[in-house]
1. Hey, can you tell me all the residues within the range 212-262 that are outside any helix (DSSP H, G or I), among the β-branched types (Val, Ile, Thr) and touching a residue at least 24 places away in the same chain (Cβ under 8 Å)?
2. Of the conditions (1) assigned to a loop (DSSP other than H, G, I, E, B); (2) more than 25 Å from LEU42 (Cβ to Cβ), PRO172 clears all except one; give me its number.
3. Being modelled with pLDDT of 95 or more, more than 21 Å from VAL214 (Cβ to Cβ) and surrounded by 21 or more Cβ atoms within 10 Å (Cβ to Cβ) narrows it down to one residue among ILE8, ILE46, ILE20, ILE4; which is it?
4. Cβ-Cβ distance below 8 Å, separation of 6 or more or different chains: which pairs start in the range 31-60 with a residue that is farther than 15 Å from VAL94 by Cβ and touching a residue at least 24 places away in the same chain (Cβ under 8 Å) and end on one that is crowded, with 19+ Cβ neighbours inside 10 Å and charged (D, E, K, R)?
5. Assuming PRO129 fulfils every condition listed in (1) closer than 30 Å to VAL87 by Cβ; (2) part of a loop (DSSP other than H, G, I, E, B) apart from one, which condition is it?
6. Within the range 116-133, can one find any residue that is surrounded by fewer than 17 Cβ atoms within 10 Å (Cβ to Cβ), modelled with pLDDT under 95 and among the polar types (S, T, N, Q)?
7. Take the range 1-55 and flag every residue that is among the acidic types (Asp, Glu) and more than 15 Å from ALA225 (Cα to Cα).
Amino acid sequence: MILIGERINAGFKDVKAAVINKDGDVIKEWAKKQTAAGATYLDVAIGTASAKPEDLCWMIDMVQSACDTPISIDINKPLLLKEAIKVCKKPPLVNSTPAIAAKMDEILPIVAEYNASIIGLVMNEEGSPKTVDKRIENAGILMSKAMDYGITPDRVFLDPIVMPLKFMQDQPKIIMQTVSQFTLFSDPPCHIVCGLSNASNGAVHKKLINRVLVAMMIAHGLDAAILDVCDEELVNTILTAELCMNRTLYADSFVEAFRKQG
């Protein structure tokens, strides 16, 4: 499972303050914590804290000074992306691009030039689709355009767009049906990712919802998630779900073995 740590995001008050005050220690600490917890990528999102490319580059520099974990650049603004991607020491994951022709033609050439990977949101000018068929249609558009730019399926992460369960209770079932269809798209297959915390937005039992939903989505083909990688029980749920799906070999110490990898 590809675990993308969500915490270096200026949507969180401590990170926003760190960006504004140039407090690198906050960024470094979250980079170290998430890496130790098993993150495959660290999502770096500047959000509304700044519109300056140098501030996003500073965040990435702080992360890379603390660990070797690859970056997920959480930006879909080409001007910022062009500068941020240059400072990445390893090929990054670019999060995220919708199935909108103009946006794809701006971002995908940058992704291709730097041998990066891309998260493709299965939404278009009309917004987030509510049906399986529309999600699949938009995913096909994203895959086709990525291949036009020489981005191979193994560097494409399709995001079916997880909706809050509290407000759209029918969506998890629809998303799981969509994920099952994504697994049939290509050979080699693309990756399938979700912003897991979106599911529990506004709910009381956030951690419980996230744990159950991710296990169910793994059973349908999910192999990546943007999540709270420091939630040990959540990660243990993911490890166990993958074990039950025969993606990893059984050992009595399978959880401990994962922790020792860090």
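1. Residues of the range 212-262 that are outside any helix (DSSP H, G or I), as a first pass: 221-231, 245-253, 262.
Narrowing the set further to residues that are among the β-branched types (Val, Ile, Thr) leaves 226, 229, 248.
Those that are outside any helix (DSSP H, G or I), among the β-branched types (Val, Ile, Thr) and touching a residue at least 24 places away in the same chain (Cβ under 8 Å): ILE226, VAL229.
2. Every condition holds for PRO172 apart from (1).
3. Details: ILE8 fails: more than 21 Å from VAL214 (Cβ to Cβ); ILE20 fails: surrounded by 21 or more Cβ atoms within 10 Å (Cβ to Cβ); ILE4 fails: more than 21 Å from VAL214 (Cβ to Cβ).
Among ILE8, ILE46, ILE20, ILE4, only ILE46 is modelled with pLDDT of 95 or more, more than 21 Å from VAL214 (Cβ to Cβ) and surrounded by 21 or more Cβ atoms within 10 Å (Cβ to Cβ).
4. As it stands, the answer is LYS33/ARG7; GLN34/ARG7, since those pairs meet every condition given.
5. Result: PRO129 passes all but (1).
6. yes
7. First pass over the range 1-55, keeping only residues among the acidic types (Asp, Glu): 6, 14, 23, 25, 29, 43, 54-55.
ASP14, ASP23, ASP25, GLU29, GLU54, ASP55, listed by residue number.
Residues are listed down the side, and each one gets a yes or a no for (1) touching a strand residue (DSSP E or B) at 6+ places or on another chain (Cβ under 8 Å); (2) within 30 Å of ALA257 (Cβ to Cβ):
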| site | (1), (2) |
| --- | --- |
| TYR41 | yes, yes |
| LYS52 | no, no |
| MET59 | yes, no |
| CYS67 | yes, yes |
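The values are calculated or read from the model by the stated rules, or taken from the named source; none is laboratory data. What you are looking at is a predicted structure, and each value in this text was computed from that prediction instead of being measured. Note that we place each Cβ from the backbone using ideal geometry, even for glycine, and neighbour counts take in every protein chain shown.
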